[in-house]
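Here's the structure, in structure tokens; my notes come after.
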Amino acid sequence: MTRILLVETAAPARVRRKAEEILRGGIHADPEITILCSEDPAAIRYFTAIPGAEVVSLTRENRGQVLEGMRRRRFDVAYTFWTGEKRYRGMKLAALQIGAGRTQVDVGDGYSFRLTWKAFIRFWLFRLRHSLPSDHCEFVPQARRGETARDHYPGERVLVLQSAGPDFVLAAMNKLEEQPVFRSPRYTLFCRNLPDVVGRFTGHALLHEIRLHTRTRKAWHHLRQLRAERFDAAVLFLTGERGYWKVKCFAFLLGTRHKLVFNENIDCFHFTIRAWLSLVVHRFAERSRPGIEPQWPHWARAALITGTKLALLPFRFAWLILVWLRLRHSGAGNLESES
């Protein structure tokens, strides 16, 4: 018998589907399921309808007693759900306090992993890029406050971040109109709330909507609002202009699956670490701005490159030592086997 605990840390429909999937068999041998849920009467009735599942309610009054009882039962596997739903934070902490033999984390879209420190770090980095699983609306149809039909647009919803001057942004949008990158895009522009800036973009044929912000106000509020929109792609400008650093950071915190980068020559590429490093090297060489004084003097670039090499030297030396020890160990093992 496999004693399994499911903790209500996501929408009840998601938890019930996992419970029924386990009870059908094929995942665990002879499963015995216990569901730890909140004190919501509707959730309790919903889980009680699952045949063969025991339901335990966790309230503020009995929290310590119930958690202690769960620990004493020594479950073989505990399932918790990390799908980006904030209302279940207390239940998620409770799931970690129970201490089952193995904790399995369901992150939606059919994926799950065993909870370890390494897996937690990988998941955290993944969640920064993808705020919610793509099947979220299947279980929580009205999950977001103020949800409208635009959230269910069948094509790609693209957010254009004004992280450069209006001239660069207009040139990029004209290029996207002439040479489409996405199949069925709907563009939303996030730009500064300045009359001369907004006037340049108002009425552009490519834009579906314009969102405004003030440079130094409510950055965290704007970030949370844009993350909740779950855009499919973000357009970012890395043109070498100073400023716009908050908006540039937004592109990597929104959770979009694709990031399209434009440089000062209106050349675009999908963001990858290799492509970004190539752009940085190109920027230091100042090859893309003939006739303009470099922003970084030659001595500053040389000092930065030298400093980077010195900083990496201990790690490179340690790596060589490890390789040498491994070769020495394998060579000694081969000699012993031959003798």
**OP:** Please give the per residue accessible area of the chain, computed with a probe of 1.4 Å over protein heavy atoms only, in Å².
**Re:** 61 Å²
Original post:
Label TRP319 and ALA29 with points 7 Å out from Cα along Cα→Cβ: what is the distance between them in nm?
Top reply: 4.5 nm
**OP:** Multiply the residue separation of TRP117 and GLU264 by 0.36 nm, subtract the distance between their alpha-carbon atoms, and state the gained length in nm to one decimal.
**Re:** 48.8 nm
Original post:
In the structure displayed, which of LYS175/LYS218; LYS218/LYS248; LYS86/LYS218; LYS259/LYS309 lie more than 27 Å apart, Cα to Cα?
Top reply: LYS175/LYS218; LYS259/LYS309
Original post:
Taking region 63-114, which trypsin sites (Lys or Arg not before Pro) meet the DSSP loop condition and have no more than 14 other C-beta atoms within 10 Å?
Top reply: ARG74
Original post:
Exactly which GluC sites (Glu not before Pro) in region 1-83 are in a DSSP loop and have at most 13 other Cβ atoms within 10 Å?
Top reply: GLU39, GLU61
Original post:
Once a ≥ b ≥ c are taken as the square roots of the eigenvalues of the Cα gyration tensor of region 1-118, is the result rounded (a/c under 1.5), prolate (a/b larger than b/c) or oblate (a/b not larger than b/c)?
Top reply: rounded
**OP:** Give the carbon-plus-sulfur fraction of the accessible surface of region 177-242 in %, rounded to a whole number; probe 1.4 Å, heavy atoms of protein chains only.
**Re:** 48 percent
Subject >> DSSP-loop trypsin sites (Lys or Arg not before Pro) across region 187-255, with at most 11 other Cβ within 10 angstrom >> reply: ARG217, LYS218, ARG242
**OP:** Before anything else, pin down the relative contact order of the chain: Cα pairs under 8 Å, at least 6 apart, normalised by residue count, whole percent.
**Re:** 12 percent
Original post:
Where does the chain land at 222 nm, in deg cm²/dmol rounded to the nearest 500, when only DSSP H runs of n ≥ 4 count, each adding -39500 (n - 2.57), divided by all residues?
Top reply: -14000 deg cm²/dmol
Original post:
What FRET efficiency would be calculated for the residue pair VAL280, GLU39, taking the C-beta separation as r and a Förster radius of 56 Å, to the nearest 0.05?
Top reply: 0.55
Original post:
Under Stokes-Einstein, with the Kirkwood radius over Cα pairs standing in for Rh, what whole-number D in µm²/s applies to the chain at 10 °C and 1.306 mPa s?
Top reply: 65 µm²/s
Original post:
Which of HIS329, SER57, TYR187 sits farthest toward the positive end of the charge dipole of the chain, with +1 on the Cβ of Lys and Arg and -1 on the Cβ of Asp and Glu?
Top reply: HIS329
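The values are calculated or read from the model by the stated rules, or taken from the named source; none is laboratory data. Since we're looking at a predicted model, the values are computed, not measured. Virtual Cβ from ideal backbone geometry, glycine too; neighbours counted across all protein chains shown. When the accessible area is computed, the model is the full protein with side chains, heavy atoms only, and any ligands, DNA or RNA have been set aside. Shrake-Rupley method; radii C 1.70, N 1.55, O 1.52, S 1.80 Å.
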